[in-house]
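Nothing in this text is a laboratory measurement; each read-out follows from the coordinates by a stated rule. It should be emphasised that the depicted structure is a prediction, and the values quoted were computed from it without experimental measurement. Don't worry about glycine lacking a Cβ; one is built from the backbone with ideal geometry, like all the others, and counts go over all protein chains shown.
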Amino acid sequence: MASAERGRAAGAILARGLTTEARIVAILEAFERQVDGVRGSAIADRDGLPIANGFKEPFDLLSVASMGALGMQSARKVSDFIGVKHPQSIVLECEDARIVIKDLGAGRATFIVVVRPETNLGFLRLQIDVAAKRLEEELGFAPPSTVPQIEEVFLLTKGGILIAHLSKRMIHPTDRDILAAMLTVVQDFVRDSFRETGGPLQELQLANFRVRLVRGQLTLLAMVSRAPITDRFVSHATGALEAFEKVNERALDPWSGHMEHLKNVDQVLEEVVNPPPT
């Protein structure tokens, strides 16, 4: 009963912490982690009003949002005058910064990114396109992707001890209770799954999330998603886990708790959170 009560309490915490606005900000923060030199990013509606703010530096958010909307509107007018299709993005070259404005939802919003001049523009554009797709889904401008969106992945021993964790959300101090609640649910689920007489449990439904376990010989992955995880994706995660265990057998059997003895920890988590396109 204690485990069930903790699960219900954790579900309440998770439900409170997963608003659409929080997920949009999380996408901005995850994007900013991927690219060196990002000074900040934001989302504005078609009228130039801020929707979400990812800026860490003291920019005037209202001015940035208005500039982004106005910049994209001006670019569309120029393209109409010339007789070409509307631009998907524009780049403003400044002496001390580059500003990239990305269209979202065919003119319904803009994604504004400010970076340092030395930032790799090609890589930046690739990451902007990836983030833009997720933003359009969250804003309701595009249908949800058929590829499973893994929000969190936990690498654990078979007894439920946490080895490593990777999130698509930037975890702030105010989010620690959400992460702790999620980890508690995952660990309880792992322990309870082995006590089932009908065989080990594989999936748990909790609030807006599903927790799916992928078991190896020495470890397991707990994947947290808001949509069903397909068998094809599970096979991909299983292969990644098997490769990880193969190069870490001595360090994992038994697990000593020394992370420095493990190889490719980040790689196996990245393969699950950011799988290659199929």
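Things worth noting here:
- Some residue of the range 51-64 being closer than 21 Å to K133 by Cβ and in contact with a Lys or Arg (Cβ under 9 Å, 6 or more places away or on another chain): no
- Condition met for Q88 (in contact with an Asp or Glu (Cβ under 8 Å, 6 or more places away or on another chain) and either among the polar types (S, T, N, Q) or free of Cβ contacts under 8 Å to residues at least 12 places away in the same chain (or both)): yes
- Failed condition for V113, given (1) out of contact with any strand residue (DSSP E or B) (no Cβ under 7 Å at 6 or more places or on another chain); (2) surrounded by 20 or more Cβ atoms within 10 Å (Cβ to Cβ): (1)
- Qualifying residue in the range 40-51 (condition: in a loop (DSSP other than H, G, I, E, B), out of contact with any strand residue (DSSP E or B) (no Cβ under 9 Å at 6 or more places or on another chain) and farther than 22 Å from G140 by Cα): no
- Residue satisfying condition, being of a type in the set (D, E, K, R), over 20 Å from the mean Cα position of the chain (by Cα) and over 19 Å from R212 (Cα atoms), within set D266, D253: D253
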